[in-house]
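Derivation of every value follows stated rules applied to the coordinates shown; laboratory data play no part. Every value quoted in this text rests on a predicted model; they were computed, and no experiment measured them. So basically every Cβ, Gly included, is an ideal-geometry build from the backbone, and we count neighbours across all protein chains shown.
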Amino acid sequence: MSESALTPLSAPPGIFDEMFDAAHAPRPHYRDYADWLAAISADHMAAKRAEADLIFRRIGITFAVYGEQGGTERLIPSDVVPRIIAADEWDRLEKGLVQRVTAINRFLADIYHGREILRAGLIPEEQILSNGQYAAAMIGTRVPRDVYAHIVGVDIVRHGDGTYYVLEDNLRVPSGVSYMLSNRKMMMRLFPDLFRRYRVRPVEHYPALLLQTLRAAAETDSPTVVLLTPGRFNSAYFEHAFLAQQMGVELVEGQDLFVKDACVYMRTTDGPKRVDVIYRRIDADFIDPLAFRPDSMLGVPGLMAAYRLGNVAICNAVGTGVADDKSIYPYVPDMIRFYLGEEPILRNVPTWQCRQPEDLAHVVAHLGELVVKEVHGAGGYGMLVGPTSSAQEIADFRVRLLADPENYIAQPTLALSSCPTFVEEGVAPRHIDLRPFVLVGREIRIVPGGLTRVALRRGSLVVNSSQGGGTKDTWVVDAPGGFEAAP
Amino acid sequence: MLSRVASHLYWLSRYLERAENMARILDVGASLALLSGDGDETSAIEPLVITDTLEPFRATGRPATPEQVARYLAWDPTHPSSIVNCLEASRENARAVRGSITSEMWENINDTWLQLAAKRAGGAEPADAGYFEWVKERSHLFRGVTFATIRRDQPYQFIRLGTFLERADNTARILSVKQARQPSALGGDDLTDHYRLSAVLRSVSSLEAYRDTYRDAIDARRVAELLIFDPTLPRSLRFCFDEVVRNLRELPQAPARTARRLAAHMHALLEHGALDDVDGVGLDAFLQRFLRNNVRLGEAVHAAYMELK
């Protein structure tokens, strides 16, 4: 590090650089930032980052990593260089997200009731009905306003030509929004001058929107909302506590709730208090040991019965997992056409389904080029990234794939876009993705931007926080657009 | 509020108060040991007697030197009430309810925990006056932040209950052990006596209060009177029970009839009693009964608000 100015590097050819165009000129919405950065020394930047780390640690914005010794709490590295999205690009993304999530909710209501999409032959029936995520308990159970997925975290990546693709719809318990909020707070504290240069669209009202969304999930007028956490040993506990505090609702564990006469109550110092809406941050499989996993210590016996009678709302609904399963993902564009009669605004990544023999043959022949994922996998575990794997790793994976092809899908290795990031070598390009958070209440609301995750290792495409990823503050700015290929 | 949250808040403050008290006992113990010379094991083990931990200490096989006693009570991971375990437990309880306390309170207690990790880094584990000062200061800071930031509502009341039940226990224990050792039996002279009693007072931050109140030589009976009955001294039993009763009154009444009755009874003895009453039963018997009742009260508070029925 030195007192010399930082000279950001561009991404290599074939990678879309968020900041620079092919001639290494800053894109329009990054110009002010580039000017500002030119006057900043590496030492200054390093000092700011150290200040941020100290504050994050003091506030306890930490993440427990699976497989490490008990009591391990790590910081999720938060980069000091923002990811900037031009307003016109964002507006299009937002329309696409609203469209997509609307169709997914229609799909969920459909498969638990009329099953019109199956009768129309658009999706093979057995792929839904024999899917492990299809919740038989939800067949014929009505949920208020037919909303199943209230909180959705959609993972979006950008390919080499600048086009956005949806990689995954997280419909169960998407997390990360607390980092979005913490990053913004931190950046405003560290770089107030930047926020004077840019009109960054605010995100701080997310907890208020979330509370509105949760309240809208109940049929009663002034419902009591709680946030159900697995407890403080869960990796996302910070987020659970943070959101509960920001919304002013109780943070409960399973042991704090009980069911009596098919209604849900929490145990308080004043005696039992009725609960109307549960924002669950535990997997649906664990919420009721009587209905699902009998070994679950996290859930509430009898909760499903109360839920099915409409005496309590659960967000997200039980049974949403069937729609974000990677084997169902390829059908989302069809859902949009089927339910809404519209063409999809956002693209899907082409996907080979290894359950189909011709797809499997293609995947096996091209393992070195593809990304292969488990259908139910998450968090970057159990996947193969062909181009960055050794011959031995590919050979080992082939054995697992052939033993259980139905368990896998494959996609082309996307050249994730990169964004300048402050690392050891200075400001250098690192791969990123984007997770906007979509809230479905009386209407659909999305705070501008979302969480940008960044793979801090040079060349790495894995952005998951459990695998060495970091995060960036994400700005939607009212500046002329950068670049986006026509769909 | 949630019963589980009440329990975490109550124990968060009890553990922090316990850590502070342990630091006070050890700090004074260390300076006394310097006075009494090397050979006096009775002085060395006194912190263990006060905290009822002589047997587990013996079981570790450590020699009964002031230094080893201090290390055991400050840092031993196998001793549930060592300072390090109390601070860890306090932070764990805070972490479980970080949404129910103010962010300043959480950051303060989390910062204490981070500093603790730095102090023990590389096996340093200091057990000297500087360390005990630090523990006291962190506890003072947390109380100050609490006082200045949290609403006067149930979370505050459970935090205060934990603090004062723990503190009353501590003051009664110190008084009981120190007074039981008759200075004359040790062959002490007036000077030793003076240092011993002023050590008792310093361990509960009451030396100045004694001087202001009595303006006279330090005398065992007056020390007892001050620490039991004085309504203005924040570590006296009377003061602690003013707070216990006040906070119980603010909490929901219905579940806590047993706790309230017992607290009122203990409070009445402190509010209307005098040293002459104590003389009737003897100071030690009085304090032992107080300690037993204090444990029962803690259990009653637990049963009323914190047990998951």
Order of A:S175, A:S389 under a 10 Å beta carbon neighbour criterion, fewest first
A:S389, A:S175
Could you tally the net charge around A:P13, taking each other residue with its Cβ under 13 Å from the Cβ of A:P13, Lys/Arg +1 and Asp/Glu -1?
-3
From fewest to most C-beta neighbours within 10 Å, the residues A:V399, A:V363 line up as A:V399, A:V363
Need one number: nm distance between label points at A:D91 and A:H24, each 7 Å from Cα along Cα→Cβ, rounded to one decimal.
3.4
Quick one: net charge of A:V166's neighbours, Cβ under 10 Å, K/R +1, D/E -1?
-1
Within the protein assembly as shown: Cβ-based charge dipole about Cα centre, in debye rounded to nearest 20 (Lys, Arg +1; Asp, Glu -1)
1360
Quick one: order A:W475, B:W75 by neighbouring beta-carbon count within 10 Å, fewest to most.
B:W75, A:W475
Would you calculate the separation in nanometres between label points at A:D261 and A:W36, each defined as 7 Å from the Cα along the Cα-to-beta-carbon direction?
5.9
When the Kirkwood radius is taken over all Cα pairs of region A:305-347, what Stokes-Einstein diffusion coefficient follows at 25 °C and 0.890 mPa s, in µm²/s?
196
Taking amide H positions as placed 1.01 Å from N in the peptide plane, with prolines and chain starts having none, which residues 5 or more places from B:T53, or on another chain, fall under 5 Å of its amide H?
none
Taking every DSSP beta bridge that has both residues in region A:220-309, what percent is antiparallel when rounded to the nearest 5?
55
Counting Lys and Arg as +1 and Asp and Glu as -1, what is the net charge of the other residues whose Cβ lies under 14 Å from the Cβ of B:A300?
+3
Distance from the Cα centre of region A:175-195 to that of region B:277-309, in angstrom?
50
For an R0 of 25 angstrom, estimate the FRET efficiency from the Cβ-Cβ distance between B:A220 and B:V49 and round to the nearest 0.05.
0.90
Debye log10 I(q)/I(0) for region A:29-148, one point scatterer per Cα, at q = 0.19 Å⁻¹:
-1.02
Which of A:K95/A:K472; A:K273/A:K472; A:K185/A:K260 exceed 32 Å between C-alpha atoms? The answer is A:K273/A:K472; A:K185/A:K260
Karplus 3J(HN,Hα) series, Hz, for region A:228-243 with 6.51 cos²θ - 1.76 cosθ + 1.60 (x for Gly, Pro)
9, 10, x, x, 6, 8, 6, 4, 9, 4, 3, 5, 4, 5, 4, 5
Dipole-positive endmost among B:I228, B:N85, B:A217 within chain B (Cβ charges, Cα centre):
B:N85
In units of 2.2 N^0.38 Å, the Cα radius of gyration of the protein assembly as shown is 1.14
For a quick check: with amide H placed at 1.01 Å from N, whose amide H comes under 5 Å from A:L456's, ignoring anything fewer than 5 positions away on the same chain?
A:G470
Counting only DSSP beta bridges with both residues in chain A, what percent are antiparallel, rounded to the nearest 5?
70
What is the magnitude of the charge dipole of region B:154-309 about its Cα centre, with +1 placed on the Cβ of each Lys and Arg, -1 on the Cβ of each Asp and Glu, and no other charges, expressed in debye to the nearest 20?
640
On alpha-carbon atoms, Rg over Rh for region A:336-466 using Kirkwood Rh?
1.03
Express in whole angstrom the spacing between the alpha-carbon centres of region A:141-156 and region A:91-121.
10
Computed P(r) (all Cα pairs; region B:25-122; 10 Å bins; percent)
15, 38, 28, 16, 4, 0
When the distances between all Cα atoms of chain B are binned every 10 Å from zero, what whole-number percent does each bin get?
6, 27, 34, 25, 8, 1
Starting from the 7 Å offset along Cα-to-Cβ, what nm value, one decimal, do you get for the label separation of B:R152 and A:D53?
4.4
Selected from A:L461, A:Y179, A:L401, residue furthest toward positive end of dipole (chain A; charges at beta carbon):
A:Y179
As an exercise, identify the trypsin sites (Lys or Arg not before Pro) in region B:25-114 lying in DSSP coil whose Cβ has no more than 13 other Cβ atoms within 10 Å.
none
Computed lengthening from B:A129 to B:A268, 0.36 nm per intervening residue step minus Cα-Cα distance:
46.3 nm
Multiply the residue separation of A:T388 and A:E358 by 0.36 nm, subtract the distance between their alpha-carbon atoms, and state the gained length in nm to one decimal.
8.3 nm
Residue-wise HN-Hα coupling along region A:116-126, computed from phi with Karplus coefficients 6.51, -1.76, 1.60 (Hz; x: Gly, Pro)
5, 5, 6, 5, 6, x, 6, 10, x, 4, 5
Quick one: which of A:107-113, B:245-251 comes out on top by average Cβ neighbours within 10 Å, and what's the full order, highest first?
A:107-113, B:245-251
Tell me which of A:F20, A:W352, A:L370 sits at the most positive position along the dipole axis of chain A, charges placed on C-beta atoms (Lys, Arg +1; Asp, Glu -1).
A:F20
Per-peptide average of other Cβ atoms within 10 Å, ordering A:299-307, B:129-137 highest first
A:299-307, B:129-137
Which GluC sites (Glu not before Pro) does region A:210-303 hold that lie in a coil by DSSP with at most 14 other beta carbons within 10 Å?
A:E219
Per-residue mean of C-beta atoms belonging to partner chains within 10 Å, peptide B:98-108:
4
Debye calc, one equal point scatterer per Cα of region A:350-412, no solvent, log10 I(q)/I(0) at q = 0.16, 0.18, 0.19, 0.25 1/Å comes to -0.41, -0.53, -0.59, -1.07
Helix-only mean residue ellipticity at 222 nm, the protein assembly as shown, DSSP H runs n ≥ 4 weighted -39,500 (n - 2.57), per residue, nearest 500. What is it?
-14500 deg cm²/dmol
If you line up the long axis of helix A:391-403 against the longest principal axis of chain A, both from Cα atoms, how many degrees apart are they, to the nearest 10?
20
Contour excess over end-to-end distance, with Cα ends at B:E104 and B:D212 and 0.36 nm allotted per residue:
35.4 nm
